[in-house]
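Down below is the structure, laid out as structure tokens.
The values are calculated or read from the model by the stated rules, or taken from the named source; none is laboratory data. All of these numbers come straight from a predicted model, not from anything done at the bench. Cβ: placed from backbone, ideal geometry, glycine included. Neighbour counts: every protein chain shown. To get the accessible areas, we keep the full protein, side chains included, count just its heavy atoms, and leave off ligands, DNA and RNA. Shrake-Rupley method; radii C 1.70, N 1.55, O 1.52, S 1.80 Å.
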Amino acid sequence: MTALTLHEYAASGNCYKIRLTAAHAGVRLARREYDIMAGETRTAEFLSQVNPNGRIPVLQVGPDFLPESNAAAFYIADGTPLIPSDRFERADMLRWLFWEQYNHEPNIATVRFWKGWVGFDNLDPVQRANLPGKQAGGEAALALMDEHLQRRDWFVIDRLTLADICLYAYTHVAEEGGFSLQPYPNVRAWLARVAALPCHIRITD
Ligand SMILES: N[C@@H](CCC(=O)N[C@@H](CS)C(=O)NCC(=O)O)C(=O)O
């Protein structure tokens, strides 16, 4: 495979999901860290050469740059058992990746970032006004996952797929944003199932 470099901020769940995918796919990643709190992804150089959207993660594939965590994770997982071979199941896997980016990450990851990195006292008035809605959105996402997992061990088929990896990334640190996982026993059992897999790595690895 072409040399892969992950441009990242290691504590970000979006970056972790790419590292976790690589671990399961047996793919080696070089890593380059940026301090997002110091604006290192907003420099003219980063915007022109790495990602015009000013965000990590970005997967560098040889000379090419691929932003968006789920696209980057898909690039690594493509052709491995992490991607279902059946057409409907593959689309269902994508359904969870899109749902993660629309209903899960913007709520759970944002609240985690605001509370753990920005700090409640430093939130601007718009962020403060949006906090209750994001907390409610995060709870709704966890409840939906718990309901889905009532009847199955994994999100799409009877084994780990990319959908499980991309959802695991921010769900397993949701408590850092003040979300309790106590009301969601099926989510907790699934988190333990993912963490027990042989190729698992932690967000801090
Ligand atoms: N939809 C994007 C979201 C990327 C994103 O929000 N990255 C954050 C860290 S998790 C970031 O780079 N923040 C720094 C900034 O916006 O300046 C993805 O899934 O990769």
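Projecting the Cα positions of 177, 79, 142 onto the charge dipole of the chain (unit charges on Cβ atoms of Lys, Arg, Asp and Glu, taken about the Cα centre) puts 79 furthest along the positive direction. Surface composition of the chain: carbon plus sulfur atoms contribute 53% of the solvent-accessible area (1.4 Å probe, protein chains only, all chains present).
Label sites at residue 188 and residue 68, each approximated as a point 7 angstrom past Cα along Cα to Cβ, lie 3.6 nm apart.
Look at the dipole of the chain built from charges on Cβ: of 204, 38, 161, the Cα furthest out on the positive end belongs to 161. Think of it as helices only: each DSSP H run of n ≥ 4 in the chain is worth -39500 (n - 2.57), and spread over all residues that comes to -13500 deg cm²/dmol at 222 nm. In this structure, residue 195 and residue 95 have a Cβ-Cβ separation that, at R0 = 30 Å, corresponds to a calculated FRET efficiency of about 0.80.
From the protein chains alone at 1.4 Å, what is the descending order of accessible area for 153, 121, 146, largest first? Walk me through the numbers on the way to the answer.
Values: 153 85, 121 125, 146 20 Å².
Accessible-area ranking of 153, 121, 146, largest first: 121, 153, 146.
Between residue 31 and residue 113, what's the calculated FRET efficiency when r is the beta-carbon distance and R0 is 25 Å? Round to 0.05. It comes out at approximately 0.80.
Backbone geometry of the range 9-17 corresponds, through the Karplus equation with coefficients 6.51, -1.76 and 1.60 at θ = phi - 60°, to 3J(HN,Hα) couplings of 10, 4, 6, 6, x, 4, 6, 4, 4 Hz, x marking Gly and Pro. When the surface is traced with a 1.4 Å probe over the full set of protein chains, residue 2 keeps roughly 80 Å² accessible.
Could you give the size of the charge dipole of the range 86-205 about its Cα centre, using +1 on the Cβ of each K and R and -1 on the Cβ of each D and E, expressed in debye and rounded to the nearest 20?
Working: 13 positive and 16 negative charges, 11 e Å.
Here the size comes out at about 60 debye.
Between residue 123 and residue 10, full extension at 0.36 nm per residue minus the direct alpha carbon distance yields a gain of 38.4 nm. Annotation: extensible slack from residue 158 through residue 136 equals 4.9 nm (criterion: 0.36 nm per residue apart, minus Cα-Cα distance). Relative contact order of the chain: 24 percent, from C-alpha pairs under 8 Å at least 6 residues apart in sequence.
Working ranking of peptides 62-70, 26-34 by packing, defined as the average number of other Cβ atoms within 10 Å per residue, highest first, is 62-70, 26-34. Surface exposure of the range 87-195, expressed per residue as accessible area with a 1.4 Å probe, stands at 48 Å².
With charges set only on the Cβ (+1 for Lys and Arg, -1 for Asp and Glu), what does the dipole of the chain come to about its Cα centre, in debye to the nearest 20?
In debye, rounded to 20, the chain gives about 200.
Approximating the spin labels as points 7 Å out from Cα along Cα→Cβ, the residue 85-to-residue 44 distance works out to 5.2 nm.
Extent along the principal axes, Cα only, for the chain: 48, 45, 29 Å, with the longest axis given first.
Can you tell me the FRET efficiency between residue 2 and residue 202 if r is taken as the Cβ-Cβ distance and R0 is 25 Å, rounded to the nearest 0.05?
Working: r = 27 Å, r/R0 = 1.07.
Step by step, r from the Cβ atoms, then E = 0.40.
Taken about its Cα centre, the range 4-77 carries a charge dipole of about 220 debye when Lys and Arg each add +1 at the Cβ and Asp and Glu each add -1 at the Cβ.
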